[in-house]
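Nothing in this text is a laboratory measurement; each read-out follows from the coordinates by a stated rule. Note that the structure is a prediction, hence the values are computed from the model and not measured. Note that we place each Cβ from the backbone using ideal geometry, even for glycine, and neighbour counts take in every protein chain shown.
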Amino acid sequence: MTTIKEIARLSGVSRGTVDRVLNNRDGVSEETAERVRAIAKQLGYKPNKAGMALAAQKKKYRIGIIVFSRKNPFFDKVIEGFLEKADELAFFGCEVTVKRVAYHPAAQLSAIEACLDEGVQGIIITPYNDAKVCEKLNGLIADGIPVITVNSDAENVNRIAYVGSDYLNSGSAAGALMQLMTHDKVNIGIILGDRNILCHSQREAGFKDRLSEDSRFNIISVEENYDDDLKSYDIVSDMLRNHPEINGLYFTAAGVYGGCKAIQEIGVGRDIRVITHDDVPTTVDMLDKGIITATICQEPMWQGSRSLELMFNYLSNPEQTQVKNYYYAQLNIKIRETK
């Protein structure tokens, strides 16, 4: 294994100088730093955990995490993944601050400012796909504060990575399930979360595209519930009353429990196929009761854990951290018999 001593010998500098370069501390000329980094890369040097711990004693890495509100219980598991990884990385100087905010650009902008006030060096965010939010994130990136998007991406943001589902594929998978689990003519109602959240609109697009060339399927109505169970209850109630021909429902995000309660009350005796996403407790309950036909899951804890690991590695050792543009979660399909 390559050591700092060996790098120092080949670079013609002291071990202390090599340590400062590899841990991004001041006091070394750029020419010397470049020579040390080049030799370290050539030798395939990778810091060991003990070295990382010593470096962490000299520098803390505070990371801001911004996700959506408690209206969407899916993020409980994402945060659990964040906190589990944060505990693991605390020994190496990693600290996190978590904000859960409403589906509104002003709420996200306020949370970003709060994170900056707390001195974060990087931000992980489930972004609202809004021009002002995207502009703010790009401004941070230009100022040297890296951004990773988690669970949902944003258009035209120069983030270093996205961690989450491939939502076009996820929506297409929902469409494929609807094809497999139905017969004859199917009239569908789609319940979106919020079109300004990219993952919701991408799921809708993937679902529609999958069914677009199948003449059995007809999209009757598309409504937004903003991940709110009460609004979802009202939307599905109106759909079922106004369109008695509806025999398929697709929920792109949260608000599933409220919609299912409406099915239980107004759709009694009707054979309605229901496709949803994720396995929060209320969704599992409705799956068990036979109201939901199938749900598609997306590794929420992995999303939190992986995005924090990437950000910490990028902040603590940027020269040797290679980051891909996309990190996609595995999709897992659950039906009542496999939950």
Please arrange Asp234, Asp209 by counting, for each residue, the other beta carbons lying within 10 Å of its beta carbon, fewest first.
Asp209, Asp234
Top positive-direction residue, dipole computed over the chain with Cβ charges, set Leu168, Pro146, Leu249:
Pro146
How would you rank Cys260, Cys94, going from fewest to most other Cβ atoms within 10 Å of each one's own Cβ?
Cys94, Cys260
Between Gly269, Gly206, Gly290, which gets the highest mean-square fluctuation from a Gaussian network model of the chain, Cα cutoff 10 Å?
Gly269
Please work out the FRET efficiency for the pair Asn169 and Glu223, using the Cβ-Cβ distance as r and a Förster radius of 30 Å; give the result to the nearest 0.05.
0.80
Measuring from the longest principal axis of the C-alpha atoms of the chain, the long axis of helix 229-242 (C-alpha) lies at a number of degrees, nearest 10, equal to 30
For region 4-46, what does the relative contact order come out to in percent, with C-alpha contacts under 8 Å and a separation of six or more?
37
Please report the relative contact order for the chain, taking Cα pairs under 8 Å with a sequence separation of at least 6, and give it as a percent rounded to a whole number.
17
On Cα atoms only, tilt of 256-266 relative to the major axis of the chain in degrees
10
Cα centroid of region 243-272 to Cα centroid of region 135-197, whole Å:
23
What residue among Gly44, Gly175, Gly267 shows peak mean-square fluctuation when the chain is described by a Gaussian network model with Cα springs under 10 Å?
Gly44
From the list [x] 23.7; [y] 19.3; [z] 16.2, can you say which value of mean projected area of the Cα convex hull in nm² was derived from the structure given?
[y]
With a 10 Å Cβ neighbour count serving as the proxy for reagent exposure, in which order, fewest first, do Glu213, Glu6 appear?
Glu213, Glu6
Indicate the gyration tensor shape class of region 167-297 (rounded, prolate or oblate), computed on the Cα atoms with a ≥ b ≥ c the square roots of the eigenvalues: a/c under 1.5 is rounded; otherwise a/b larger than b/c is prolate and the rest oblate.
rounded
Checking Gly258, Gly248, Gly139 against a Gaussian network model of the chain (alpha-carbon springs below 10 Å), the top fluctuating residue turns out to be Gly139
